[in-house]
Amino acid sequence: MNIFRSIFFRSHPYRMNPLGTEQSVSRAGREDLTAFHRRFLSSDNMVVAVYGDADMEKAQNLVTKHFSDLKRSDSLPDMTPPVEKALVENDDRHVDADFSNVVVMMGYSAPAYDDPDRYAMTVIDALTSGAAMPGGWLHESLRGAEKGLVYYVHANNWAGMGAGTFYVTALTTPENREEVVSRISSQIARLSQSAVSAGEIATAKQVLITVFGVYNQTLEDQAQEASLNELYGFGYDFSDKYIQKIDAVTAEDIMRVAKKYLGTRLLLTIGPAPGGADGGKDESPGGG
């Protein structure tokens, strides 16, 4: 993922490793940490969520006790996210690695977190690989009864701030590399070539609604969901609206969004060089 992000995002900060580098981490001192803390941990940049069978008066007194002296930041930066331009042409990259197998990643530009197209792309995620549960077209095509072409395959719709990516990851053998790439491309192309059946869409939506419920069972889960939705500008009660937006996605929405986003891709393979020959732009150290 670090390699994929560093190539896929050409200008957005998402191209960087969120853990930093040896150089950047070693350079950070105590003053840097306290300055960052003062700048961002401020009353005008915070949401407090209280969930559960709580005494609201006591809860409010506790919040006041612990946070009332938190000042507004005098240096809070503009939070408008930078916008990453969509891919304009296909790009094939290979990274040589001392693996016995091959990692295949195929990534497409996708809607950002605040783009209404995000919901159709989320349904596409469920159609192609079952969302958070194994299933969908990719599993049927690559791991079905007589297939067995991959050890692992899954798609993800990742909607970030000012940028997004829909990507498929697969783990296969060197001899199956080209077949796996071909089949992934074929399954993605289906989305824009013909309408998805009502039954498949209904199943995909039910999977998404079920997964959403599973991931928001506890009070802690619900508090975090509400806090983030409020911070991102959706409103703390966005969870119910999210389910409604998923349920409203149509076959026409899916085809439109697929045509808009899923035509141009980055293909990244990591592992032994394809056939010992040049398999694209070599991103390994010292590569061309």
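Give me the percent of accessible area attributable to carbon and sulfur for the chain, probe 1.4 angstrom. Please list the in-between numbers first.
Numbers: 8720 of 16630 Å².
Carbon-and-sulfur percentage of accessible area, whole number: 52.
What's the longest piece of the chain with no exposed trypsin sites (Lys or Arg not before Pro), counting a site as exposed if DSSP puts it in a loop and it has at most 16 other beta carbons within 10 Å?
Values: sites that count: 10, 71, 72, 85, 147.
In the chain, the maximal stretch lacking such sites is 148-288.
Largest GNM mean-square fluctuation across 173, 21, 250, computed for the chain with C-alpha springs under 10 Å, falls on 21. In this Cβ point-charge picture (+1 for Lys and Arg, -1 for Asp and Glu), region 50-163 has a dipole of about 240 debye about its Cα centre.
Of all lysines in the structure, those lying under 27 Å Cα to Cα from residue 241, and not within fewer than 8 positions of it along the same chain, are 205, 259, 260.
Which of these, 40, 238, 166, has the largest mean-square fluctuation under a Gaussian network model of the chain (Cα springs below 10 Å)? Result: 40 has the largest fluctuation of those listed. Taking every protein chain into account, the accessible area of the chain amounts to 58 square angstrom per residue (probe 1.4 Å). Taking the Cα centre of the chain as the origin, how large is its charge dipole in debye, to the nearest 20, when only Lys and Arg (+1) and Asp and Glu (-1) carry charge on their Cβ atoms? Taking the Cα centre of the chain as origin, the dipole is about 340 debye. Which one, 36, 70, 54, projects farthest toward the positive side of the charge dipole computed for region 29-72 from Cβ point charges (K/R +1, D/E -1)? Of the candidates, 36 comes out farthest on the positive side.
The values are calculated or read from the model by the stated rules, or taken from the named source; none is laboratory data. The structure presented is a predicted model; accordingly, all values stated were derived computationally and were not measured. Every residue, glycine as well, gets a Cβ built from its backbone with ideal geometry; the counts of neighbours run over all protein chains shown. For accessibility, only protein heavy atoms count, side chains too; no ligands or nucleic acids. Shrake-Rupley method; radii C 1.70, N 1.55, O 1.52, S 1.80 Å.
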